[in-house]
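Asker: Structure incoming, see below.
The values are calculated or read from the model by the stated rules, or taken from the named source; none is laboratory data. Keep in mind that what you see is a predicted model, and the values were worked out from it rather than measured. Note that each Cβ is placed from the backbone with ideal geometry, even for glycine, and that neighbours are counted across all protein chains shown.
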There are 2 protein chains.
Amino acid sequence: MAERLIYLPLGGAGEIGMNAYVYGYGEPGRERLILVDLGVTFGDMDSAPGIDLIMADMGWLEDNRDRLEAIFITHGHEDHVGALGLLYGRLKVPVYARRFTGTLARMKMEEAGQPTDKLRIVAPRPEIVHAGPFDVQFVPLSHSIPESSALIIDTPAGRVVHTGDFKLDGTPVVGEPFDPMLFHEIANERPVKVLACDSTNVFSPNPGRSEAMLANPLLDFVVAQKQMVVATTFASNVARLKTLADAGIAAGRQICLLGRAMRKMVTAAIETGVLTSFPDVIGPEQAAELPRNKVMLIVTGSQGERRAASMQLSMGRYLGLELKEGDSFLFSSRTIPGNERPVIRIMNNLSRRGVDVFDADDGFYHVSGHANRPDLQAVHDLLKPEILIPMHGEHMHLREHAALGQAKGIATAIATNGTMLDLTGATPRVVDDVATGRLYLDGTVLIGAMDGIVRDRIRMALNGHATVSIIIDENDEPLPDAWVETMGLAQQGRAGVPLARHLESELAEFLDRVDARTVMDDKKLDEAIRKITRNVAMEEIGKKPEVKVIISRLAAD
Amino acid sequence: MAERLIYLPLGGAGEIGMNAYVYGYGEPGRERLILVDLGVTFGDMDSAPGIDLIMADMGWLEDNRDRLEAIFITHGHEDHVGALGLLYGRLKVPVYARRFTGTLARMKMEEAGQPTDKLRIVAPRPEIVHAGPFDVQFVPLSHSIPESSALIIDTPAGRVVHTGDFKLDGTPVVGEPFDPMLFHEIANERPVKVLACDSTNVFSPNPGRSEAMLANPLLDFVVAQKQMVVATTFASNVARLKTLADAGIAAGRQICLLGRAMRKMVTAAIETGVLTSFPDVIGPEQAAELPRNKVMLIVTGSQGERRAASMQLSMGRYLGLELKEGDSFLFSSRTIPGNERPVIRIMNNLSRRGVDVFDADDGFYHVSGHANRPDLQAVHDLLKPEILIPMHGEHMHLREHAALGQAKGIATAIATNGTMLDLTGATPRVVDDVATGRLYLDGTVLIGAMDGIVRDRIRMALNGHATVSIIIDENDEPLPDAWVETMGLAQQGRAGVPLARHLESELAEFLDRVDARTVMDDKKLDEAIRKITRNVAMEEIGKKPEVKVIISRLAAD
């Protein structure tokens, strides 16, 4: 059979987060495979209460592990590398990344107790990684973390450019600028058959702005503040940390970094050489002793994370520091949709303390890390791909990005997680629909999103919980009493007595008249008790709780 | 003791939603009271899973019910009238509202099975309601629902103007325009001692725009669409419904309203005369039979409500209607912070169906119902109050609004729920801090927010649940087996056996060696079992579940 080039997103296509993209080349069903990125996303109470991390289910790839050549990590953001440690043990193939990204990848693998002997640090183009039928090069470009890279994936069917996350920033402050000549050269060297391209900001109509444009506004901002200044941004945005810190120093303040992730990121950036200078920082104890107008805190928690420094500082004394009337707090960040509530909570907490809050809504104090609509068009023009595959976006982003390509006459397809495309011909063709899913890190265990565990938690949260315990004696007669324990249910309902007592008396009545056949049948008995419990609760308090029935059968001595 | 004028917000100050403001006049502690508005807000999974409605706890007012003269409802939005039915039975005083608002208030009371004999319909100024020491007039102004009114509350200590919710709209399409001369007259007639003022949009820097400005853009929009058009907005925004429907008719389409709340609102508006004309509408069956380009649906669910028409239509066939490639869906609304996730979910659902989605981000298809910063300043200038009390806002809104007043030399105070202000003097003075709280409607029962019920639900959602049942026999010896049922927990952990079985065997071991004193003591035994269960689960799956222990003691025959 003719060999073919396939593309199969397992995560990140039709959603923003947990990126995992498979490419394959070979005879159908026997393609050699590579995986690009292995990220996580974060749970929320609405859809995944109690879940620590969410990642794409690698089931398909595990089933085809003998065909998997390697994993490539484009950059160090959690949604691209965060699942590497947790899932590496299921894949166990070489992992390729550049130096800084590789350092972060190594941490992930070590934290998860995985061996790192197959982690390979790669120099950028022209270095080539040979992985089965694929020749892969890392191409520097700009993003909101240093060392983000596109991948050139050369295959017998043609050249693929997989952008990873990027923006067109010629002056990114830290890390390599976007170099249009380099991309021009790449397209000239060999025509680009496929461009798999970041779609995050396709709805942003204006050209993106450079990180360097923030230096002056941020300096002006810090200079204008009278008391303590606090700024928050993403820990991994090393360029922003530097711009903020430089502004603080220039305004005569000492810099204190709060948040483990932030200090770790700066250390990694310095050690790997991506950050060549960063002001000396002081600890929180020192910061607490300096005059307030001589200190600038740069802190984690721009998205309202519950345990991060921003939230902690908004609630009271934290590491010996306490915000006061006249202090200033800057969100040098954009609130990711869905995180509005906790961010607003921080703002109101700060307002109560008399702290002046500034956000980046007017655009002076934050720029995005993703290419906007005209920037995407510029990249289409630079690379002139035969086929455009929009990735890294929700469905509406992919659809809009595809329309953008179509308008220019580029063949495109919207492929969401599980959609396998054959990219060998002039237009992409859907050739398979692979079962995909999500894994949840829950405590220390990886569970399946569809296992029913999270569904049960949501049900308990919405409906409350009742346990009923009954005992069947040695003669197969139910003891007259039922025990009921409730949790998350109103204590008292219509009958004017405690709900649990009311349920017990209704169940006692049932046990008194229940027929012998039902008593002998665990399943029937369970169902009958559950039904009574739910119906009585509905009548009493207007809710049908989740019910667990425990039937204990006493053995004859 | 000298008489005084007091202000006490019980809800709506320091939050947006569940408005409930008390004014009092008389000797300290013996003031006669009135309540302005009695609203609800909606729960979310993060803070109130399973809760249907949230309202301010009226405990303080119930304790002082003999001093309460009346309730005044400024307008018919849920956050101003939604709790009237549920809490009326605790207050039982006359309720005053204008005609349309009163119709909505009556529905609330009837739904809750309350008598409506004390509901009084009031004409706008110059009609005066005498309520103890208060003379109250309803003053028409513009908002996103017809008949919104400010209250003039005349007291022996001076005139209070309580704005309710408003914007400065001279052409509101439906309902009365904002009339600056009327407010000028009010201030000239008697100096305004206190202005209690809506703060919602204090951070919006530009003057608000009129509802009438939407007519042309909406008509242009509908005309430009090729297939079915769907538009969503708040059901209570009768003016918007009319503008949308008129645009549809002018574009040669028939109008179909989907959503019970929307049809109810239009009916009430017509019956009470606030809406004098509305196009004929067709039912969903008829709409399904017409050519797609001859139909416009106006539907509920602009905030992503799970059961509303927008979500239903995005997910598939609904009432015989199904959206398709080429149809258009317009959000003629703003997403309230916190509702982004479900709204984005609708957008992606629609994208998957090939429906083009339009939102109001560029301002063409929606205007706010609240006064923006310059509008607030204009009202301060018109009324020239001695004291400004910012209300209807989160803490940061109140603080910003207070700063606005201070900059003009107006005395202000930030009073959040429970803060009692004495407004008798030239500046507001905090005189008491009253215990406030929230009530939750949970099924058919009102529970206290701090009762622990919701806390337990959140814990079950985050941590899962385990029930342990053990039996102590007639000789006070534990039976050797423990029964464990889990819900919302991983099925298997580190030990490689089912978690419940592993817990049972660990508990059996404990029961084997437990001392007689512990067995005799329910509390000790419960604690010991709970501790083992939590610790074993932690070791196995990295989570400490909520544990309920049921100890059954067999009586000697």
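Asker: Please specify each residue of segment B:123-160 satisfying the condition of being in a strand (DSSP E or B) and among the basic types (Lys, Arg).
Answerer: Hit for segment B:123-160 is B:159, nothing else.
Asker: Could you list all residues from segment B:445-487 that are hydrophobic (A, V, I, L, M, F, W, C) and more than 7 Å from chain A (Cβ to nearest Cβ)?
Answerer: B:446, B:449, B:450, B:454, B:466, B:468, B:470, B:472, B:479, B:482, B:484 - these are the residues of segment B:445-487 that are hydrophobic (A, V, I, L, M, F, W, C) and more than 7 Å from chain A (Cβ to nearest Cβ).
Asker: Among the numbered criteria (1) over 27 Å from residue A:543 (Cα atoms); (2) touching a residue at least 40 places away in the same chain (Cβ under 8 Å); (3) surrounded by fewer than 19 Cβ atoms within 10 Å (Cβ to Cβ), which single criterion is violated by residue A:442?
Answerer: Exception for residue A:442: condition (3).
Asker: Within segment B:228-247, track down each residue that is surrounded by 24 or more Cβ atoms within 10 Å (Cβ to Cβ) and among the basic types (Lys, Arg).
Answerer: Correct list: B:240 only.
Asker: Within segment B:489-541, take every residue that is in a loop (DSSP other than H, G, I, E, B) and touching a residue at least 40 places away in the same chain (Cβ under 8 Å) and give me the one that is nearest to residue B:457 (Cα to Cα).
Answerer: If we take residues in segment B:489-541 being in a loop (DSSP other than H, G, I, E, B) and touching a residue at least 40 places away in the same chain (Cβ under 8 Å), then B:489 is nearest to residue B:457 (Cα to Cα).
Every residue, every condition in (1) touching a strand residue (DSSP E or B) at 6+ places or on another chain (Cβ under 9 Å); (2) small (Gly, Ala, Ser); (3) surrounded by 19 or more Cβ atoms within 10 Å (Cβ to Cβ), yes or no:
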{"residue": "A:249", "(1), (2), (3)": "yes, no, no"}
{"residue": "A:266", "(1), (2), (3)": "yes, no, yes"}
{"residue": "A:272", "(1), (2), (3)": "no, no, no"}
{"residue": "A:276", "(1), (2), (3)": "no, no, no"}
{"residue": "A:284", "(1), (2), (3)": "yes, no, no"}
{"residue": "A:289", "(1), (2), (3)": "no, no, no"}
{"residue": "A:294", "(1), (2), (3)": "yes, no, no"}
{"residue": "A:301", "(1), (2), (3)": "yes, yes, yes"}
{"residue": "A:312", "(1), (2), (3)": "yes, no, yes"}
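Asker: Tell me the helices (runs of 4 or more DSSP H) entirely within segment A:189-303 that contain at least 3 residues that are in contact (Cβ under 8 Å) with a residue 60 or more places away in the chain.
Answerer: A:215-224, A:238-250, A:260-271
Asker: To continue, here is another question. Specify the residue that is surrounded by the fewest Cβ atoms within 10 Å (Cβ to Cβ); the eligible residues are those in segment A:536-548 that are touching a Ser or Thr at 6+ places or on another chain (Cβ under 8 Å) and more than 8 Å from every other protein chain (Cβ to nearest Cβ).
Answerer: So, considering only residues that are touching a Ser or Thr at 6+ places or on another chain (Cβ under 8 Å) and more than 8 Å from every other protein chain (Cβ to nearest Cβ), the one surrounded by the fewest Cβ atoms within 10 Å (Cβ to Cβ) is A:547.
Asker: Determine, yes or no, whether residue B:47 is more than 19 Å from residue B:34 (Cα to Cα), in the same structural domain as residue B:189 (by TED's automatic domain parsing), out of contact with any Ser or Thr (no Cβ under 8 Å at 6 or more places or on another chain) and not in a helix (DSSP H, G or I).
Answerer: yes
Asker: Next up: Cβ contacts < 7 Å: first residue more than 9 Å from chain B (Cβ to nearest Cβ), restricted to segment A:341-359; second residue buried (at least 19 other Cβ atoms within 10 Å of the Cβ) and of a type in the set (A, V, I, L, M), any location; separation 6+ or different chain. Result?
Answerer: Partner pairs satisfying both residue conditions: A:346/A:311; A:353/A:323; A:355/A:323; A:358/A:330.
Asker: Here is a list of conditions, (1) in contact (Cβ under 8 Å) with a residue 40 or more places away in the chain; (2) out of contact with any Leu (no Cβ under 6 Å at 6 or more places or on another chain); (3) over 30 Å from residue A:23 (Cβ atoms), and residue A:471 meets all of them except one; can you say which number that is?
Answerer: Status for residue A:471: all satisfied but (2).
Asker: Ok, one more. Would it be correct to say that residue A:479 is modelled with pLDDT of 95 or more, more than 23 Å from residue B:445 (Cβ to Cβ) and outside any loop (DSSP other than H, G, I, E, B)?
Answerer: no
Asker: Next question, about the same structure. Got a number for residues in segment B:403-419 being touching a residue at least 12 places away in the same chain (Cβ under 8 Å) and either hydrophobic (A, V, I, L, M, F, W, C) or at the interface with chain A (Cβ under 10 Å from one of its Cβ atoms) (or both)?
Answerer: Summing the residues that are touching a residue at least 12 places away in the same chain (Cβ under 8 Å) and either hydrophobic (A, V, I, L, M, F, W, C) or at the interface with chain A (Cβ under 10 Å from one of its Cβ atoms) (or both) in segment B:403-419 gives 7.
Asker: Which numbered condition in (1) more than 23 Å from residue A:486 (Cα to Cα); (2) within 14 Å of chain A (Cβ to nearest Cβ) is the only one that residue B:518 fails?
Answerer: For residue B:518, the exception is condition (2).
Asker: In addition: Mind checking which residues of segment A:345-375 are under 23 Å from residue A:176 (Cα atoms) and part of a strand (DSSP E or B)?
Answerer: Scanning segment A:345-375 gives a single hit, A:372.
Asker: Moving on. Being within 15 Å of residue A:272 (Cα to Cα) and surrounded by fewer than 22 Cβ atoms within 10 Å (Cβ to Cβ) is the filter here; which residues of segment A:104-148 pass it?
Answerer: Result: A:106, A:107, A:120, A:121, A:122, A:123, A:124.
Asker: To continue, here is another question. Just to verify a result, which residue in segment B:493-510, among those that are facing chain A (nearest Cβ under 10 Å) and at pLDDT below 95, is nearest to residue A:549 (Cα to Cα)?
Answerer: Only one residue fits best here, namely B:493.
Asker: Checking residue A:423 against (1) at negative phi; (2) buried (at least 22 other Cβ atoms within 10 Å of the Cβ); (3) within 14 Å of another protein chain (Cβ to nearest Cβ), which test does it fail?
Answerer: (3)
Asker: Please work out if residue B:334 is surrounded by 18 or more Cβ atoms within 10 Å (Cβ to Cβ) and in a loop (DSSP other than H, G, I, E, B).
Answerer: Criteria met by residue B:334.
Asker: Can you tell me which of A:325, A:400 is part of a loop (DSSP other than H, G, I, E, B) and either surrounded by fewer than 19 Cβ atoms within 10 Å (Cβ to Cβ) or touching a residue at least 12 places away in the same chain (Cβ under 8 Å) (or both)?
Answerer: A:325
Asker: Only one of these is acidic (Asp, Glu) and facing chain B (nearest Cβ under 9 Å): A:394, A:386. Name it.
Answerer: Checking each option against the conditions leaves just A:394.
Asker: Can you find even one residue in segment B:177-189 that is at pLDDT 95 or above and either within 24 Å of the chain's Cα centre (by Cα) or not assigned by TED's automatic domain parsing to the domain that holds residue B:104 (or both)?
Answerer: Looking for residues that are at pLDDT 95 or above and either within 24 Å of the chain's Cα centre (by Cα) or not assigned by TED's automatic domain parsing to the domain that holds residue B:104 (or both), one finds none in segment B:177-189, hence no.
Asker: While we're looking at this one, here's another question. Would you mind finding the one in B:24, B:12, B:43 that is in contact with a helix residue (DSSP H, G or I) (Cβ under 9 Å, 6 or more places away or on another chain), within 25 Å of residue B:89 (Cβ to Cβ) and at pLDDT below 95?
Answerer: Exactly one of B:24, B:12, B:43 is in contact with a helix residue (DSSP H, G or I) (Cβ under 9 Å, 6 or more places away or on another chain), within 25 Å of residue B:89 (Cβ to Cβ) and at pLDDT below 95, namely B:43.
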